Amino acid sequence: MKQGFDGRDIISIKDLTKADIEHIINVSKEMLPIARGEKKSGLLNGKILATLFFEPSTRTRLSFESAMNRLGGNVVGFATSKATSAEKGETLADTIKMADAYSDVIVLRHPNEGAARLASGFSSKPVINAGDGAGQHPTQTLLDLFTVKTEKKRIKGNNIVLVGDLKYGRTVHSLTYALAMFNATLTFVAPETLQMPKEILSHLKEKGIEFRQSSSLENVIPDADVLYVTRIQKERFPDPEEYAKVAGTYRVDLGMLSKAKKDMIIMHPLPRVDEIAPEVDKTRHALYFKQAFNGVPVRMALLSLVLGTVK
Ligand code: CP
């Protein structure tokens, strides 16, 4: 039976079907003029979003808040747990029960994998996972898919190269599961120690999805339709010496792009550190800031769907 969105938690991209994702992309397109401030909307008048961020964020938190404000809703929340009673030892479960009492929808970012799923068990309101440790970041994946679809017209058939920290990167984990649903061709570029986890590769094999693995970025750039670059995440390494061995392994610069297809696009969930040279920003390939903007219409679509104001 087809599951509607009203009241639904968004925890993992794997909880969504291809039809669900296509519907979110279509609603997001309709939200674009409102996201740009060209059209006014009162779609979420009287609704309250709670943004609970136990880890730093710029894009996810601000774009959720912008989405809620643009649709006429209100926002409560925190950007650091240091200003909350978690500092006094309050559990996540109790914090969620309070957000449940004070709001209509909860967006949670937390360092522990599984935190959003756990939170959903303590809330009667929809919980949206805004990143749980090295686990999932489904709303990032949705805006990534929206970006590929709008820039490339379709997702299927594109050769998508994912480069960087494929072991700890939650954005690339969620994105790989989603791209598998759309039959994209996948290329994984990472140092041996940061390659895509085995369970994700097994999932691709089970689904019959074509993929290859490489440690050389130069070798794969000429065939790429989308180059999805990620930061090597210092904060996820248990051992700083292990981080030092792989930091700065890949850097996309103008020289490297000379071999790229003319219409190849570069995406990055951001923040970047040094993996894309700033001079790349001015090239036709650079899509990452537009991609980050796309977080607003996509999160508008999600909030409206789970709050039942859009079907
Ligand atoms: N892409 C992303 O999740 O960015 P933030 O960490 O700034 O939210």
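Answer yes or no: is there a residue in the range 117-137 that is under 24 Å from Arg170 (Cα atoms), assigned to a helix (DSSP H, G or I) and within 16 Å of the ligand (Cβ to nearest atom). No - not one qualifying residue is present in the range 117-137.
For the range 57-93, enumerate the residues that are free of Cβ contacts under 8 Å to residues at least 24 places away in the same chain, part of a helix (DSSP H, G or I) and open to solvent by 60 Å² or more (accessible area, probe 1.4 Å). Don't jump to the end; show me each part of the working.
Of the residues in the range 57-93, the ones free of Cβ contacts under 8 Å to residues at least 24 places away in the same chain are 62, 65, 69, 82-85, 87-91.
Those still in the list that are part of a helix (DSSP H, G or I) too: 62, 65, 69, 82-83, 85, 87-88.
Listed by number, the residues that qualify are Leu62, Asn69, Lys82, Ala83, Glu87, Lys88.
Only one of the numbered conditions (1) modelled with pLDDT of 95 or more; (2) closer than 30 Å to Phe5 by Cβ; (3) within 16 Å of the ligand (Cβ to nearest atom) is violated by Thr230, and that is (1). Scan the range 47-56 and tell me whether some residue there is of a type in the set (A, V, I, L, M), outside the structural domain of Leu142 (by TED's automatic domain parsing), exposed (fewer than 14 other Cβ atoms within 10 Å of the Cβ) and away from the ligand (no atom under 16 Å from the Cβ). No, the range 47-56 contains no residue that is of a type in the set (A, V, I, L, M), outside the structural domain of Leu142 (by TED's automatic domain parsing), exposed (fewer than 14 other Cβ atoms within 10 Å of the Cβ) and away from the ligand (no atom under 16 Å from the Cβ).
Summed over the range 181-213, residues that are among the small types (Gly, Ala, Ser) and crowded, with 21+ Cβ neighbours inside 10 Å total 2.
Could you tell me which of the residues Gly255, Gly248 is surrounded by fewer than 21 Cβ atoms within 10 Å (Cβ to Cβ), in contact with an Asp or Glu (Cβ under 7 Å, 6 or more places away or on another chain) and either in the same structural domain as Tyr168 (by TED's automatic domain parsing) or of a type in the set (Gly, Ala, Ser) (or both)? Steps first, answer last, please.
Details: Gly255 fails: in contact with an Asp or Glu (Cβ under 7 Å, 6 or more places away or on another chain).
It is Gly248.
Applying the set (1) within 21 Å of Asp132 (Cα to Cα); (2) open to solvent by less than 30 Å² (accessible area, probe 1.4 Å); (3) out of contact with any Leu (no Cβ under 8 Å at 6 or more places or on another chain); (4) among the aliphatic types (A, V, I, L, M) to Ala99 leaves exactly one unmet item: (3). I'd like to check something: does the range 138-151 contain any residue that is touching a strand residue (DSSP E or B) at 6+ places or on another chain (Cβ under 6 Å), in a loop (DSSP other than H, G, I, E, B), within 16 Å of the ligand (Cβ to nearest atom) and within 25 Å of Val273 (Cβ to Cβ)? No, the range 138-151 contains no residue that is touching a strand residue (DSSP E or B) at 6+ places or on another chain (Cβ under 6 Å), in a loop (DSSP other than H, G, I, E, B), within 16 Å of the ligand (Cβ to nearest atom) and within 25 Å of Val273 (Cβ to Cβ).
Give me a count of the residues in the range 271-295 that are open to solvent by less than 20 Å² (accessible area, probe 1.4 Å) and touching a residue at least 60 places away in the same chain (Cβ under 8 Å). So that I can check it myself, show each step before the final result.
First, the residues of the range 271-295 that are open to solvent by less than 20 Å² (accessible area, probe 1.4 Å): 275-277, 280, 285, 287-288, 291, 294-295.
Filter once more, so that each one left must be touching a residue at least 60 places away in the same chain (Cβ under 8 Å): 275, 287, 291, 294-295.
Of the residues in the range 271-295, 5 are open to solvent by less than 20 Å² (accessible area, probe 1.4 Å) and touching a residue at least 60 places away in the same chain (Cβ under 8 Å).
Does the range 130-148 contain at least one residue that is over 26 Å from Ser28 (Cα atoms) and out of contact with any Lys or Arg (no Cβ under 8 Å at 6 or more places or on another chain)? No: zero hits. Among the residues of the range 1-25, just one is acidic (Asp, Glu), buried (at least 18 other Cβ atoms within 10 Å of the Cβ) and closer than 19 Å to Asn294 by Cβ, namely Asp20. If we keep just the residues of the range 214-245 that are of a type outside the set (A, V, I, L, M, F, W, C), in contact (Cβ under 8 Å) with a residue 60 or more places away in the chain and farther than 21 Å from Leu145 by Cα, which is surrounded by the most Cβ atoms within 10 Å (Cβ to Cβ)? Top of the filtered list is Gln233.
The values are calculated or read from the model by the stated rules, or taken from the named source; none is laboratory data. Keep in mind the model is a prediction, meaning the values are calculated, not measured. Glycine gets a Cβ as well: all are built from the backbone with ideal geometry, and neighbour counts include every protein chain shown. Surface areas here come from the heavy atoms of the whole protein model, side chains and all, with no ligands, DNA or RNA. Shrake-Rupley method; radii C 1.70, N 1.55, O 1.52, S 1.80 Å.
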